[in-house]
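Enquirer: Mind looking over this structure? Questions follow.
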Amino acid sequence: LSEGAIADWSAVYLSADLGAGTTPAAAAFAAFSMMMAAGRFTGDRLVARLGGDLVVRAGGALAAFGLGLTLVIGNSVVAVIGFGLVGAGLACVFPVVLSSAARTPELPPSAAIAAVCTIGYLGFLIGPPTIGGLAELIGLPAALGLVPLLCALIAALGSRAPRAERARSPSA
């Protein structure tokens with residue numbers, strides 16, 4: 001949901017709510033996308049060094065901080081930086097969750113991965129229209145305020161995924 005909401009609404013937020021021109025609006029989406037790509041390319045090394053739990057929790061916190069800062073300060077330069085932080089923070093979350101799903105002892109890896117992908121795509125499809133509907137009722141900045149709350153939830157619950165050690169042990 002968070003990735004889809006930022007991909008669809010970051011440029012609109014800058015142009016419609018901050019009054020920024022097309023260049024800063026495009027730069028916000030570009031910063032998000034480039035940091036997301038950079039994070040995906042370097043994510044395996046980060047996870048190997050720090051562990052998936054820490055990467056997911058720190059990523060959720062970074063994304064919440066970046067978008068929270070963007071919405072509170074309301075400046076186009078800060079927004080470009082903030083959306084970049086959101087991309088960096090969210091980059092590894094989905095890959096780590098997929099990897100963790102594959103280690104769920106109660107399910108075959110294919111079923112677990114399919115379930116996670118289905119939920120992920122559902123969020124990606126439902127998120128942007130939900131933000132848009134909320135924006136009609138309460139304004140886009142307030143509607144986007146849902147995203148840092150969800151990212152904070154990622155940070156809080158990021159260590160709840162199955163760990164490799166548990167998956168290797170025989171089930172009771």
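Enquirer: State which residue is nearest to T130 (Cα to Cα) when the search covers only the range 10-21 and only residues that are surrounded by fewer than 23 Cβ atoms within 10 Å (Cβ to Cβ) and either among the charged types (D, E, K, R) or in contact with a Leu (Cβ under 9 Å, 6 or more places away or on another chain) (or both). Let's see the steps before the verdict.
Expert: So the first thing to find is which residues in the range 10-21 are surrounded by fewer than 23 Cβ atoms within 10 Å (Cβ to Cβ), and the list is 11-12, 15-21.
If we keep only those that are either among the charged types (D, E, K, R) or in contact with a Leu (Cβ under 9 Å, 6 or more places away or on another chain) (or both) as well, we get 12, 16-17, 20-21.
Working: V12: 15, A16: 18, D17: 18, A20: 24, G21: 25 Å.
Only one residue fits best here, namely V12.
Enquirer: Would it be correct to say that G52 is closer than 18 Å to L149 by Cα, modelled with pLDDT under 95 and either among the polar types (S, T, N, Q) or touching a helix residue (DSSP H, G or I) at 6+ places or on another chain (Cβ under 9 Å) (or both)? Lay out the reasoning, then the answer.
Expert: On the way: closer than 18 Å to L149 by Cα: no; modelled with pLDDT under 95: yes; either among the polar types (S, T, N, Q) or touching a helix residue (DSSP H, G or I) at 6+ places or on another chain (Cβ under 9 Å) (or both): yes.
Taking the combined requirement at face value, the residue does not satisfy it.
Enquirer: Can you go through L69, L90 and tell me which one is under 16 Å from the mean Cα position of the chain (by Cα), within 16 Å of A28 (Cβ to Cβ) and open to solvent by 40 Å² or more (accessible area, probe 1.4 Å)?
Expert: On the way: L90 fails: open to solvent by 40 Å² or more (accessible area, probe 1.4 Å).
After ruling out the rest, the residue left standing is L69.
Enquirer: Going by what's in this entry, would P105 be described as surrounded by fewer than 18 Cβ atoms within 10 Å (Cβ to Cβ) and under 15 Å from E3 (Cα atoms)? Give the derivation first.
Expert: Details: surrounded by fewer than 18 Cβ atoms within 10 Å (Cβ to Cβ): yes; under 15 Å from E3 (Cα atoms): no.
In short, no.
Enquirer: Checking L1 against (1) within 22 Å of I126 (Cα to Cα); (2) open to solvent by 60 Å² or more (accessible area, probe 1.4 Å); (3) modelled with pLDDT of 95 or more, which test does it fail?
Expert: Status for L1: all satisfied but (3).
Enquirer: Could you grab the pairs with beta carbons closer than 9 Å, sequence gap of 6+ or different chains, first residue in the range 87-109 and under 13 Å from A37 (Cβ atoms), second one at pLDDT below 95 and not in a helix (DSSP H, G or I)?
Expert: Once the first residue is under 13 Å from A37 (Cβ atoms) and sits in the range 87-109, no partner that is at pLDDT below 95 and not in a helix (DSSP H, G or I) comes close enough.
Enquirer: Oh, and also: Quick check: anything in the range 127-148 part of a helix (DSSP H, G or I), in contact (Cβ under 8 Å) with a residue 60 or more places away in the chain and more than 21 Å from A16 (Cβ to Cβ)?
Expert: No, the range 127-148 contains no residue that is part of a helix (DSSP H, G or I), in contact (Cβ under 8 Å) with a residue 60 or more places away in the chain and more than 21 Å from A16 (Cβ to Cβ).
Enquirer: Which residues, taken from the range 72-87, are open to solvent by 40 Å² or more (accessible area, probe 1.4 Å) and touching a Phe, Trp or Tyr at 6+ places or on another chain (Cβ under 7 Å)?
Expert: Initial filter on the range 72-87 (open to solvent by 40 Å² or more (accessible area, probe 1.4 Å)): 72-73, 75, 77, 81, 85.
Listed by number, the list holds a single entry, L85.
The values are calculated or read from the model by the stated rules, or taken from the named source; none is laboratory data. Computed from a predicted structure; not experimentally measured. In this analysis, Cβ positions are derived from the backbone assuming ideal geometry, glycine residues included, and neighbour counts consider all displayed protein chains. For accessibility, only protein heavy atoms count, side chains too; no ligands or nucleic acids. Shrake-Rupley method; radii C 1.70, N 1.55, O 1.52, S 1.80 Å.
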